[in-house]
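For reference, the structure discussed in these notes is given below.
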Amino acid sequence: MNLALINIKQLVTVSADGNRVKTGKEMQNLSIIENGAVLIDGEKIKWLGRMEDLSMGSIKEADVLDCIDRIVMPSFVDAHTHLLFDESRENEFAMRSAGATYQEIASRGGGIISTVKEVRNTSKKDLKKNARRWLNAMLRQGTTTVEIKSGYGLDMDNEVKMLEAITELNNEEVLTIVPTFLGAHAIPPEFRDKKSDYVHLITEKVIPYIGKKKLAVFCDAFCEKGYFDVDDCRTILLSGLKHGMKPKLHGDELSSGGGAELAAEVNAISVDHLEHISEKGIDALAKASVVAVLLPGVSFFLNHPHAPARKLIDTGVPVAIASDFNPGSCMSYNIPLMMTIACTQMKMSPEEAIAASTLNAAAALNLSTEIGSIEIGKKADMIVLDIPNYKFLPYHFGENHVEKIVKNGVVLEF
Ligand SMILES: [Zn+2]
């Protein structure tokens, strides 16, 4: 045994008894052990239980972390970010405060395309340097696994540059970083009236290359009026699938456009946003067990409507929460803050918000058999929180309650 966490006031395991995801009423059940302990061997969890059942002989050789008066829970999984970018866009934030809409800003040269221009002119080295700043900060706030999308390159060379940067960061940084190809994030300026030519470029050239080089785990697309319609997205996602990338989708964000239905049809691992999901879409997701990744920070930051979290959960759709950290629509990767917004604005319970940010978020990255809960055989990715009980986490917001972080069985030093 290498490491023992003992005297844990509340051990929030989020165990799903071997299931890949929690749905419905199961999201309320966090499988809490009062006065618990966890034993770790190498990267993995070897034992967990109550202190009274722990044989002290078994931890003689181990490093011991005394968690008296502390909460231990799985570390956060952020299943949706656009973390790799160059310039921040605080000027647009100020314009929005003065009344401009997201669409008006885009028509004045702002929005995604302004970040595309910056990223095309930035070296891989500088993109990585920028990303490290955010990665270190999000790790300190308790996130140990993060998905990062490409989608600010929008041509062969720059999409590949982004995905190479993400892959290298995964090898160099402590966090587990999962790359997603999002070539269909927006229509690049040079293809303004030639969208079908751009879809052709993505499916015939870019996706086969990325697949061959294994630069992305998932293939994503932005399904929205004025961007890519359902048929475009289907073509792109099926091409991704053919080249070894599982489908993900940005769906039903600004309008109800059949995104959820498409995600169910192609058996996507997740469909994200869903602020305007239809009734039919909700039923389709529940039936296909596609994870709905909700992004409370975006609705908060843009003052847009929230996704119908209650209806999704009550219908049996597996619901996850992520940050969508990006310079335009959510400049935060603070997962406990996303939980607070989910509880106050979307009427999720603290238990549901925790399950949504750990196990279900891992399921949205197809990683929930390895991480996302504290169970024997899983990787020891955990956080120690200086709070009196787990409900305190979304309640006392805007504060970092994370005291210690365990990643792959190692206690990180800051
Ligand atoms: Zn996004």
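Does the range 313-328 hold any residues that are of a type outside the set (Val, Ile, Thr) and within 15 Å of the ligand (Cβ to nearest atom), and which are they?
First pass over the range 313-328, keeping only residues of a type outside the set (Val, Ile, Thr): 314, 316, 318, 320, 322-328.
Answer for the range 313-328, where residues must be of a type outside the set (Val, Ile, Thr) and within 15 Å of the ligand (Cβ to nearest atom): Ala320, Ala322, Ser323, Asp324, Phe325, Asn326, Pro327, Gly328.
I'd like to know if the range 43-56 contains one or more residues that are hydroxyl-bearing (Ser, Thr, Tyr), under 20 Å from Ser368 (Cβ atoms) and not assigned by TED's automatic domain parsing to the domain that holds Thr358. Checked the range 43-56: no residue is hydroxyl-bearing (Ser, Thr, Tyr), under 20 Å from Ser368 (Cβ atoms) and not assigned by TED's automatic domain parsing to the domain that holds Thr358.
Here Gly153 meets the list (1) within 21 Å of Leu295 (Cβ to Cβ); (2) part of a loop (DSSP other than H, G, I, E, B) almost entirely, failing just condition (1).
Annotation: Met331 fulfils all but one of (1) within 16 Å of the ligand (Cβ to nearest atom); (2) buried (at least 21 other Cβ atoms within 10 Å of the Cβ); the unmet one is (2). With respect to the conditions (1) over 20 Å from His273 (Cα atoms); (2) within 16 Å of the ligand (Cβ to nearest atom), Thr81 lacks only one, and its number is (1).
Quick check on this structure: which one of Asp197, Asp155, Asp193 is surrounded by fewer than 20 Cβ atoms within 10 Å (Cβ to Cβ) and in contact with a Phe, Trp or Tyr (Cβ under 8 Å, 6 or more places away or on another chain)?
Values: Asp155 fails: in contact with a Phe, Trp or Tyr (Cβ under 8 Å, 6 or more places away or on another chain); Asp193 fails: in contact with a Phe, Trp or Tyr (Cβ under 8 Å, 6 or more places away or on another chain).
Selected residue: Asp197, the only one of Asp197, Asp155, Asp193 that is surrounded by fewer than 20 Cβ atoms within 10 Å (Cβ to Cβ) and in contact with a Phe, Trp or Tyr (Cβ under 8 Å, 6 or more places away or on another chain).
Considering every residue within the range 176-184, establish whether at least one is of a type in the set (Ser, Thr, Tyr) and within 25 Å of Gly109 (Cβ to Cβ).
Filtering the range 176-184 for residues of a type in the set (Ser, Thr, Tyr) gives 176, 180.
Cutting the leftovers down to within 25 Å of Gly109 (Cβ to Cβ) gives us none.
Among the residues of the range 176-184, not one is of a type in the set (Ser, Thr, Tyr) and within 25 Å of Gly109 (Cβ to Cβ), which makes the answer no.
Against the condition surrounded by fewer than 19 Cβ atoms within 10 Å (Cβ to Cβ), within 23 Å of Phe76 (Cα to Cα) and touching a strand residue (DSSP E or B) at 6+ places or on another chain (Cβ under 8 Å), how does Asn136 come out, does it pass? Considered against the rule, which asks whether it is surrounded by fewer than 19 Cβ atoms within 10 Å (Cβ to Cβ), within 23 Å of Phe76 (Cα to Cα) and touching a strand residue (DSSP E or B) at 6+ places or on another chain (Cβ under 8 Å), Asn136 comes out as no.
Only one entry of Ile376, Ile405 meets the criterion of being crowded, with 19+ Cβ neighbours inside 10 Å and at negative phi, and that entry is Ile405.
Restricting the range 347-366 to residues that are surrounded by fewer than 22 Cβ atoms within 10 Å (Cβ to Cβ) and assigned to a loop (DSSP other than H, G, I, E, B), which is nearest to the ligand (Cβ to nearest atom)? Within the range 347-366, the match that is nearest to the ligand (Cβ to nearest atom) is Asn366. All told, Arg70 falls short of being charged (D, E, K, R) and under 15 Å from Ala362 (Cβ atoms). Residues that are closer than 23 Å to Arg192 by Cβ and touching an Asp or Glu at 6+ places or on another chain (Cβ under 8 Å) within the range 203-219 comprise just one, Val206.
Tallying residues that are buried (at least 21 other Cβ atoms within 10 Å of the Cβ) and either in contact with a Ser or Thr (Cβ under 8 Å, 6 or more places away or on another chain) or part of a loop (DSSP other than H, G, I, E, B) (or both) within the range 391-402 yields 1. Residue-level check: of (1) in contact (Cβ under 8 Å) with a residue 60 or more places away in the chain; (2) in a strand (DSSP E or B), Pro179 misses just (1).
The values are calculated or read from the model by the stated rules, or taken from the named source; none is laboratory data. Just so it is clear, the structure is predicted and the values come from calculations on it, not from any experiment. Using ideal geometry, Cβ is built from the backbone for each residue, glycine included, and neighbour counts are taken over all protein chains shown.
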